[in-house]
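One structure is given here, and the rest of the page talks about it.
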Amino acid sequence: MAVSLTESAAKHVAQYLTRRGHGIGLRVGVKTSGCSGMAYSLEFADAVDPDDQVFESNGIKVIVDPKSLVYIDGTELDYGREGLQEGFKFKNPNEKEHCGCGKSFSV
């Protein structure tokens, strides 16, 4: 499987990479955090580590470390706006539950 971006998310990442002036894609991962155990992490990537998995999605490279891939394989990342809130949304088929604030999850 893979980690993918919707067209909206890819467009948003491309705009930020252009403004930033450098970078090869988006690094997506998980870290231990929050009341449910894990939280998603996003950052712009300037390099690919030898063990990383690289997926191409809507023209954007999505880079995932092997430890994170176990938890987010099959995830689709979307970007949207609801009222005054805007940001990335993770559609993770492995997610079993998430905390009330939506900041962390468990598998």
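Only the coordinates and a few stated rules stand behind these numbers; no lab work does. Just so you know, these numbers come straight off a predicted model, no measurement behind them. FYI the Cβ positions are ideal-geometry reconstructions off the backbone, even for glycines, and counts take in every protein chain you see.
Per residue of the chain, what 222 nm ellipticity follows from adding -39500 (n - 2.57) for every DSSP H run with n ≥ 4, rounded to the nearest 500?
It lands at -6000 deg cm²/dmol.
Which ordering of ARG19, ARG27 is given by a fewest-first count of other beta-carbon atoms within 10 Å?
ARG19, ARG27
Could you identify which residue out of GLY87, GLY37, GLY29 has the top mean-square fluctuation in a GNM of the chain using Cα springs shorter than 10 Å?
GLY87
Under a GNM of the chain (C-alpha, springs under 10 Å), which listed residue has the highest mean-square fluctuation: GLY59, GLY21, GLY83?
GLY83
Could you check what % of the DSSP bridge pairs in the stretch 1-86 are antiparallel, to the nearest 5? Walk me through the numbers on the way to the answer.
Details: 15 of 19 bridges.
Beta bridges within the stretch 1-86, antiparallel portion: roughly 80 percent.
Please say if the chain is rounded, prolate or oblate, where rounded means a/c under 1.5 for a ≥ b ≥ c the square roots of the C-alpha gyration tensor eigenvalues, and otherwise the choice is prolate for a/b larger than b/c and oblate otherwise?
Verdict is oblate for the chain.
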